[in-house]
Amino acid sequence: MSERMPRVAVVADWWWPEDVGGAERSGREATMELARFAEVAIFVPAAVERSYSDGSLSVHAVRRPLARRVHADTRFRRGLEFLSAWLLPWSAARLVRRVHDFRPDVVVAANISRTGPWLPRWARARGLRFVRVFHDLSDTCWRRSRLRGDRSCHTVCGECRVKARIMRSATPPTATSVCVSAFVRDDLVRAGLVTPESSIVGYPLVGSEEPVRARRRDGTGIVIGYIGRISPVKGIEAAIRTAAAYRRRTGTTVTVLAAGEGQADYTRTLTDLARSEGISLDTPGHLPVDQFCAMVDVVVIPSRWMEPFGRVAVEVGRAGRPMLISPLGGLPEAAAVSGGEYLFADFQDPEEAAVSLGALLAGSASENRPTVSTVPTLRAAIVTATRRALAGWPDVSAGQGQ
């Protein structure tokens with residue numbers, strides 16, 4: 001009688017088609033790889049219970065009381081979900097029960113803020129093999145973004161140390177951790193949530209070996225592009241002010257194209273700001289990266305928060321568009337492996353950022369690429385961590401992810 005395949009339960013906050021950003025895309029790629037040697041099921045909290053297929057994967061959206069209906073739900077609904085996740089253990093009970101009924105041999109947990117500490121605490125109590133994938137620093141910050149007002153918290157503040165202690169005590173001591181950048185890994189080491197020995201760094205995406213340069217669009221004026229979540233932490237307002245400063249300096253007609261989805265009231269705020277700055281703003285909603293890059297001359301990544309990595313920098317770099325990037329968090333790592341042309345800028349000073357934008361458009365971009373051959377892809381790192389957790393299963397140790 002042949003040995004059964006190991007069972008892997010993948011738990012996340014969101015899953016396709018409810019993608020929020022790069023974390024969901026990266027997690028999905030890795031899970032497809034896990035399904036090559038394991039029986040995989042995905043479990044996510046949801047407002048409405050349903051099960052569906054994602055290619056060869058089985059996805060279980062498990063009803064969670066007081067859950068958001070969509071990521072960009074109302075402030076009231078987001079607040080209810082947040083408070084219940086941390087104060088009410090029964091908010092995660094149904095999800096935990098569904099994972100338990102699957103009888104997993106290993107649990108791979110990605111972003112799990114929507115259900116608080118209860119899932120890792122259950123896995124710890126059961127002595128389950130556990131892999132934690134850190135797509136961000138949310139285990140060290142109640143706000144998830146490590147952004148307070150106009151400044152980033154480079155160290156964990158007193159109130160957020162409470163959350164870090166909760167998650168540290170909930171996580172199984174034998175867990176293997178996967179981090180999306182050295183920046184994230186080093187920060188979590190300082191917070192006591194992971195150790196260098198038990199963690200692996202894996203980049204969500206890397207660019208080509210040789211820099212790619214796409215021909216600029218034909219036409220008058222320039223189009224400055226932003227692609228990603230339409231959210232205040234992404235610094236889109238600063239990008240609009242930078243575009244206005246560039247127009248004043250050069251007299252060039254400037255359009256800002258902000259592709260992505262977010263709350264309607266914030267989009268209206270951006271429209272009002274662009275109008276007051278004399279800038280044309282186009283907000284087409286979601287666009288595929290290739291289509292977006294064909295519509296712009298230069299891309300800005302003006303994040304106010306410390307981005308864990310910055311997958312969009314690699315996606316844009318691979319498409320050959322020059323990038324003006326905020327040098328926060330893991331963005332310098334993403335820029336270095338993007339294969340694209342880039343310069344860094346402080347978007348909190350729009351006039352200086354406009355000078356950098358001019359230099360970038362004039363061809364004064366950096367092409368320095370540090371050696372990154374020792375850093376695997378995130379997909380390979382998650383596969384390696386899962387194989388490590390499943391050590392002893394027949395045939396599981398054979399092969400590696402790409």
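The values are calculated or read from the model by the stated rules, or taken from the named source; none is laboratory data. Remember, predicted model here, so these are calculated numbers, not experimental data. Here the Cβ positions follow ideal geometry from the backbone for every residue, glycine too, while neighbour counts run over all protein chains shown. Please note that ligands, DNA and RNA were not included when accessible areas were found on the heavy atoms of the full protein model with its side chains. Shrake-Rupley method; radii C 1.70, N 1.55, O 1.52, S 1.80 Å.
Miscellaneous remarks
- With every protein chain in place, the chain: carbon and sulfur % of accessible area (1.4 Å): 51 percent
- Antiparallel %, DSSP beta bridges [both residues in the stretch 97-230], to 5: 15 percent
- Förster radius 45 Å - calculated FRET efficiency between residue 20 and residue 250, Cβ distance, rounded to 0.05: 0.80
- Once C-alpha pairs closer than 8 Å and six or more residues apart are averaged by separation and normalised to the residue number of the chain, the relative contact order reads 16 percent.
- Estimated FRET transfer efficiency (residue 66, residue 359; beta-carbon r; R0 45 Å; 0.05): 0.35
- Dividing the summed helix terms, -39500 (n - 2.57) for each DSSP H run of n ≥ 4, by the number of residues in the chain produces a 222 nm estimate of -10500 deg cm²/dmol to the nearest 500.
- A 1.4 Å probe run over the protein chains yields, for the chain, 44 Å² of accessible area per residue, whole-number rounding.
- Annotation: amide H of residue 344 within the under-5 Å range of 325, sequence separation 5 or more or interchain, hydrogens built in the peptide plane.
- Karplus-derived HN-Hα couplings along the stretch 68-77 (A = 6.51, B = -1.76, C = 1.60, θ = phi - 60°), whole Hz, x at Gly and Pro: 5, 7, 9, 4, 8, 7, 5, 4, 4, 5
- DSSP beta bridges confined to the chain are antiparallel in about 15 percent of cases.
- Sorting 60, 286, 100, 135 by accessible area puts them as 286, 100, 60, 135; the probe is 1.4 Å, largest comes first, and only protein heavy atoms count.
- Cα centroid separation - the stretch 2-41 against the stretch 230-305, whole Å: 33 Å
- Rolled with a 1.4 Å probe across the full set of protein chains, the surface gives residue 29 an accessible area near 70 Å².
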